[in-house]
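**Q** Below is one structure. I have some questions about it.
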Amino acid sequence: MPRKTGFIFCSTVTIILMIMILLPLVVVVLGSCINASLLGLSTDIWSGSRHEIFDFSAFGYILENYGDWAVFSLELALACVVLCLLIAVPAGYTLVRHPFPGSGLIEELAVLPLSIPGLTLSMGLLAAYGEIRGPLLVMAGHLLYTIPFMVKVVTSTLRSFDVGRLEAAARSLGASFWQRLFLVVLPSLRHAMMTGALLVFAVSWGEFNVSFLLNRGQPQTFPAVLYDTYTNQSIQISSAATTIFLAIVIPAVVAIQWLGGRESVDVEQGA
Amino acid sequence: MNILVEADGLHKRYGKVVAVQNFSHRFAPGKITAILGPSGSGKSTTLAMISGLAEPDRGCIRLDGTDITRLPAERRDFGLVFQNYSLFPHLNVLENVEFGLRVRGVRKAERRSRAFASLERVHISHLAGRRIHQISGGEQQRVALARALVFNPRVLLLDEPLSALDAKLREILRNELGRLLRELSITAIYVTHDQVEAMSLAYEMIIMHGGRIEQSGTPLEVYTRPATPFVATFLGSANLLEGECLVVNGETRLRLPFGELPAPMGAQTGPCRVMVRPEDIVIAADGDGQLHGEVTSSVFLGSQARLTVSAGGCSLAVDASNEAIPTPGAAVSLRVREAKLCIMPKGE
Amino acid sequence: MNLPASSIPISSGGHARERRRLAPLLLCAPLLLLLLALLVWPLTHLLWQSLLPTDAPDSGITLRNYLEIFSVPRYRHALVWSLELSLAVAAGSTLICLAPAWLFTRCQFRGKRLMRGILTLPMTFAGMIVGFLMVILLGRSGFIPQVLERLTGQPLLSGISYQFPGLILAYLYFEIPRATLTLESALRKLDGRLEQAARSLGATRWQTFSLVILPTICPALISAFAVTFSVSLGSFGVLLVLSIRRFTLLPLEIFTQYIAPPTDQGLAAAMSLTLLTVAFGAGFGLRRFARSREVANA
């Protein structure tokens, strides 16, 4: 059975990759709260002289010292989500449904930041708006970096189920422009908007280079907390910070996967 | 609900391609009219213009005498059934049917009961709570019909509604659809490329070709008296022959490649084109037919057999009963049913 | 379902043409403004900055900054190392991720979504986090070396994360999701029956692979390579954590130029535009090439 050997080979490689991805995450999460010796690690480098089995003090330390950084990062991510929805959804709808001369160019331009190094983007922003370096410029950088995701999700979803046909059906049933928008177009896009929002949130939450360069003073974004702990603190505290980071980003990624699965069902039967 | 729809000189072009030109027709009120044609003949574009989803470049559409050419689709109160149904995937069956009432501001209780009644009419009220992707193609078709009928549209437009279904189901639904539409006596315009569908459903047929109307009339008229060779060959099969009408001894005769026949009533003299259907050429058992030929091929089709007979320098399609099918090479004697000959003026 | 070609054409223009011509522009305007203000204008600014020497901004336009990248050994090495590392990582991750992508598109089994979810986890991790994860896993006090030391009594693999294998592994770590997803979406477009057709025509397994599968997945491989190459080229976060002696990458050079004063802004701008040109040029060119191959196949 040649097909079977192919399957076994592919699944073996996949499982190795999964282990490679999961193993450090598990070690970090466990290392942040239980005594490192239980994991077979030498404790002094990890956590200094503590010897309790469960030890959540590192989390307390992070929240106490960097709590406002985390809050700033969350606020930033949520603001990005809201702005991306407001800007990209109407634009994406227009680009797909009512193309005009130059709309193709706008679409290319909108996804361009994905193929440009974040470093170059942020240096450009600094070159042009260096005098407002700070939270506002960080916001601009994040927006630039996240909006391609929203535009991509919205346009590809609109293309995949031919929203024009559904709109035509709604027109024939007597729906006005606004009724079509709110009863047909936006409800059909709700999965896409959800996926896009989660993507934007996760990307903004995990972004480091752009924020680090564009910001000045405190608070910084949460990945800057990680950088700070990695360079200055014990491994246990670094692990705790990383665990907090993961606790936010992993549910978002899982939800994207889950929605992605449902999306494909919708797309298949919409075709 | 006997609404009169008139189309007057509709023109539509997409870029350089002329999709429809000079389409004029009075659609029979309360009856089903089929627009039939091969793909690319402009039939769907015509329907789109009547529905308001496409705007004609020229010409106008009137509804009971009122010009509605500029009226947007959503204000025309026309029901429209799409080829791929275009059901809303985010709504369930009942909500899909309710949609037309919802956008008209009908209260919830009333629209629920009316939507149920509409589903009942197409025999699927038991599916009301299902999601669209949980029901079959035939059921989706019924939902689309219920949705288009729920707000009592003035006119029902159907765009190839059965083309995505398999043959058996298509026949069942076609019969049901015909019964329902006749019951409602609603003015319906039915676009299809399937001649059987068109002939079995329609009160009147419009045959389109290259963006123009080739012919319109009842199915019987169009089938037996095709106006052009295109119509003759598009509807069923036809033998097209070159001929000439002559007056011999005070009697009009039709000269064909294989011999002379008495001309049908009212034939003009001069060169002409003659159409005869395969079923109107019969094999004369006793060998005393008007022409003699040799069978070149024979295909068994179940209820009958289709022969190709070479006679008098031309090749004729002939239907034979399935009892005694001549084999290729056999000599046959044929008789043409003169009354069924159709003479067309010789075109360019 | 095979639908016949005919179906209702829907005009996008229509009634109230004037309003429709204006409305799309209005709906697109915020996006357009955002792109102009945050993308086009800053990049133009950066280009201008790169053409002016920092110490003498009034002396006019010059290519001195760009020439400096190639003439100073440190920067030249950074550029070459960046290219080498990105090429290696892109090639490696594309080949390795072919396995999961193939598995996800051609096989149906339980737990597929979970596996897919796990492989896409690192998608939004900054490079620096991946660097830390590698330290945890393979660093001097990392998990694997310590476990191996317990088991064998000897220090094995210790500190590997501070060497090239660790660096490559870290880059692979965050390229896995990108390569897998790109390959998967490209493979999904391919018709699996082609293989069956080839086999039924008498092709051997090797012939099927080399004559049918390889040419058809070639565009997928190219686009995955393009994506991973551009991303690797711009990334430097790993190296912030796993600093390797005497080794540097171009983006890291730019970063340190900006972080640690005194800053040579013109040089940094020139370096970052060089980076952009290579990353974007390679990505764009390869993807275009892949698309042309796809059309040729279809």
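The values are calculated or read from the model by the stated rules, or taken from the named source; none is laboratory data. Since we're looking at a predicted model, the values are computed, not measured. Neighbour counts run over all protein chains shown; Cβ positions are idealised from the backbone, glycine included. For the accessible areas, the whole protein counts, side chains as well, though only heavy atoms, and no ligand, DNA or RNA atoms are used. Shrake-Rupley method; radii C 1.70, N 1.55, O 1.52, S 1.80 Å.
**Q** Mind checking which pairs have a first residue in region C:193-217 that is under 17 Å from A:T5 (Cβ atoms) and a second that is basic (K, R) and modelled with pLDDT of 75 or more, Cβ under 7 Å, 6 or more apart or different chains?
**A** Taking only residues 6 or more apart or on different chains, the pairs are C:T208/C:R199.
**Q** While we're here: Please go through (1) open to solvent by less than 50 Å² (accessible area, probe 1.4 Å); (2) under 30 Å from B:L220 (Cβ atoms); (3) among the polar types (S, T, N, Q) for B:Q140 and return the number of the only condition it doesn't satisfy.
**A** Every listed condition holds for B:Q140 apart from (2).
**Q** Which number in (1) touching a residue at least 24 places away in the same chain (Cβ under 8 Å); (2) within 14 Å of chain A (Cβ to nearest Cβ) marks the one condition that B:L94 misses?
**A** (2)
**Q** Can you work out which of the residues in region A:109-136 that are assigned to a helix (DSSP H, G or I) and more than 10 Å from chain C (Cβ to nearest Cβ) is farthest from A:T94 (Cα to Cα)?
**A** A:E131
**Q** Restricting attention to region A:85-108, and to residues there that are outside any helix (DSSP H, G or I) and not hydrophobic (A, V, I, L, M, F, W, C), which single residue is nearest to the other protein chains (Cβ to nearest Cβ)? Lay out the reasoning, then the answer.
**A** Looking only at region A:85-108, we keep the residues that are outside any helix (DSSP H, G or I), and these are A:98-102.
So of that shortlist, the ones also not hydrophobic (A, V, I, L, M, F, W, C) come out as A:98-99, A:101-102.
On the way: A:H98: 4, A:P99: 8, A:P101: 10, A:G102: 9 Å.
Among residues in region A:85-108 that are outside any helix (DSSP H, G or I) and not hydrophobic (A, V, I, L, M, F, W, C), the one nearest to the other protein chains (Cβ to nearest Cβ) is A:H98.
**Q** Separate question: Only one residue in A:F161, A:F177 is more than 10 Å from chain C (Cβ to nearest Cβ) and of a type in the set (F, W, Y). Which one?
**A** The match here is A:F161.
**Q** Name the residue, out of C:A126, C:A170, C:A198, that is surrounded by fewer than 22 Cβ atoms within 10 Å (Cβ to Cβ) and among the small types (G, A, S).
**A** Details: C:A126 fails: surrounded by fewer than 22 Cβ atoms within 10 Å (Cβ to Cβ); C:A170 fails: surrounded by fewer than 22 Cβ atoms within 10 Å (Cβ to Cβ).
Criteria check complete, one pass: C:A198.
**Q** With (1) at the interface with another protein chain (Cβ under 9 Å from one of its Cβ atoms); (2) at pLDDT 90 or above as the list, and A:V154 as the residue in question, which single condition is left unmet?
**A** So A:V154 meets the others, but not (1).
**Q** Next question, about the same structure. I'd like to know if region B:312-321 contains one or more residues that are over 31 Å from the mean Cα position of the chain (by Cα), surrounded by 11 or more Cβ atoms within 10 Å (Cβ to Cβ) and more than 30 Å from B:L246 (Cα to Cα).
**A** The answer is no, given that none of the residues of region B:312-321 is over 31 Å from the mean Cα position of the chain (by Cα), surrounded by 11 or more Cβ atoms within 10 Å (Cβ to Cβ) and more than 30 Å from B:L246 (Cα to Cα).
**Q** Just name the residue that is nearest to B:G37 (Cα to Cα) out of those in region B:229-263 that are open to solvent by 30 Å² or more (accessible area, probe 1.4 Å) and assigned to a loop (DSSP other than H, G, I, E, B).
**A** Per the stated criteria, the residue is B:S237.
**Q** Residues that are within 13 Å of chain A (Cβ to nearest Cβ), open to solvent by less than 10 Å² (accessible area, probe 1.4 Å) and touching a Gly at 6+ places or on another chain (Cβ under 6 Å): list the helices (runs of 4 or more DSSP H) wholly contained in region C:202-298 that include at least 2 such residues. Outline the logic, then answer.
**A** On the way: elements: C:214-234, C:237-241, C:250-259, C:265-297.
Helices (runs of 4 or more DSSP H) meeting the threshold: C:237-241.
**Q** While we're looking at this one, here's another question. Taking only pairs six or more apart or across chains, which ones have beta-carbon atoms under 6 Å, a first residue in region A:207-222 that is in the same structural domain as A:T146 (by TED's automatic domain parsing), and a second residue that is acidic (D, E) and surrounded by fewer than 24 Cβ atoms within 10 Å (Cβ to Cβ)?
**A** A:P219/A:D68
**Q** When the residues of region C:2-55 are narrowed to those that are touching a Ser or Thr at 6+ places or on another chain (Cβ under 6 Å) and facing chain A (nearest Cβ under 8 Å), which ends up modelled with the lowest pLDDT?
**A** Filtering region C:2-55 for residues that are touching a Ser or Thr at 6+ places or on another chain (Cβ under 6 Å) and facing chain A (nearest Cβ under 8 Å), the one modelled with the lowest pLDDT comes out as C:I8.
**Q** Also, I was wondering about something else. Do we find that B:R273 is open to solvent by 50 Å² or more (accessible area, probe 1.4 Å), farther than 30 Å from B:A28 by Cα, touching a residue at least 60 places away in the same chain (Cβ under 8 Å) and in a strand (DSSP E or B) in this structure? Show your work before the answer.
**A** Values: open to solvent by 50 Å² or more (accessible area, probe 1.4 Å): yes; farther than 30 Å from B:A28 by Cα: yes; touching a residue at least 60 places away in the same chain (Cβ under 8 Å): yes; in a strand (DSSP E or B): yes.
So B:R273 fits the description; yes.
**Q** Now for a different question. Looking at this structure, is C:L121 facing chain A (nearest Cβ under 10 Å), of a type outside the set (F, W, Y), touching a residue at least 24 places away in the same chain (Cβ under 8 Å) and open to solvent by less than 30 Å² (accessible area, probe 1.4 Å)?
**A** The answer is yes for C:L121.
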